[in-house]
1. For Pro144, state whether it is touching a residue at least 12 places away in the same chain (Cβ under 8 Å) and under 19 Å from Phe24 (Cα atoms).
2. Would a scan of the range 106-113 turn up a residue that is more than 16 Å from Leu70 (Cα to Cα) and either at pLDDT 85 or above or among the hydrophobic types (A, V, I, L, M, F, W, C) (or both)?
3. Can you find a residue that is more than 22 Å from the chain's Cα centre (by Cα), of a type outside the set (Gly, Ala, Ser) and either surrounded by 15 or more Cβ atoms within 10 Å (Cβ to Cβ) or at pLDDT 75 or above (or both) anywhere in the range 154-175?
4. Mind checking which residues of the range 82-101 are touching a residue at least 60 places away in the same chain (Cβ under 8 Å) and on the phi > 0 side of the Ramachandran plot?
5. I'm trying to understand the selection: among the residues of the range 32-67, which are free of Cβ contacts under 8 Å to residues at least 24 places away in the same chain, more than 17 Å from Leu134 (Cβ to Cβ) and touching a helix residue (DSSP H, G or I) at 6+ places or on another chain (Cβ under 7 Å)?
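The values are calculated or read from the model by the stated rules, or taken from the named source; none is laboratory data. The model shown is predicted, which means the values in this text are computed figures rather than measured ones. Glycine gets a Cβ as well: all are built from the backbone with ideal geometry, and neighbour counts include every protein chain shown.
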Amino acid sequence: MNDPLGSVGTEVLNIFMYVIFTVFITSLMVGKLPEIMSLKIGSREIRYSTLSLVTHPLLVIIPFGITLLLPQFMTSFVNTGPDKITQLLYEFATAASNNGSEVGGFVTNQPFFNYVDGIVMLLGRYLLMGFQLLIAQSFSYKKPKVQVARTVDPGSFLFGFTLFFVMILLGLLSFFPILALGPLLAFAKAFNLFILGVIP
């Protein structure tokens with residue numbers, strides 16, 4: 001999700017995208033116009049925040065899928081089965097979050113991984129910042145309206161809970177298929193949580 005414990009220096013920017021998205025959703029739920037900091041949230045801000053939220057999962061899933069289709073790179077893994085999926089997912093997730101760390105267990109010092117990780121890091125940092133700067137530019141042209149009554153209070157506990165729920169939900173929707181093939185399957189095998197004996 002590229003938020004806390006993610007990329008250094010960009011967590012606040014990424015959380016702000018979730019805040020805009022959550023304000024939009026909660027305002028629609030109560031039938032009010034979405035506003036934040038006395039500024040109206042329009043279609044441009046929603047479009048750019050959505051693009052920002054979708055870009056990070058795509059930067060992880062696309063190179064992940066391409067690598068799975070290339071058997072010459074999949075043979076460099078020491079582990080097999082779900083551990084291989086977990087290590088590959090972590091490789092690209094940290095690259096997209098600008099950390100660039102790895103779990104280990106496979107040879108990553110190859111031209112393919114070096115180039116792909118570099119491209120993912122570059123796009124994960126500057127493409128997302130581009131969307132965020134476009135939102136800042138759009139907000140800079142707007143005049144704050146006189147605050148009469150808040151439509152949605154971003155400082156309330158309810159909004160904080162909704163924001164947390166939206167972040168978890170978007171993360172699960174983005175990565176659950178990969179998590180089910182990797183860490184969740186490894187967890188099930190490690191603790192013998194078999195479903196009717198289907199998982200050997």
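1. Here the answer is yes, as Pro144 does meet what is asked.
2. no
3. yes
4. Within the range 82-101, Asn98 is the sole residue that qualifies.
5. none
Residue by residue, here is whether (1) in contact with a Phe, Trp or Tyr (Cβ under 6 Å, 6 or more places away or on another chain); (2) among the hydrophobic types (A, V, I, L, M, F, W, C); (3) in a loop (DSSP other than H, G, I, E, B); (4) modelled with pLDDT of 85 or more holds:
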site: Ile46; (1), (2), (3), (4): yes, yes, no, yes
site: Thr55; (1), (2), (3), (4): no, no, no, yes
site: Val60; (1), (2), (3), (4): yes, yes, no, yes
site: Gly65; (1), (2), (3), (4): no, no, no, yes
site: Asn79; (1), (2), (3), (4): no, no, yes, no
site: Ile85; (1), (2), (3), (4): no, yes, no, no
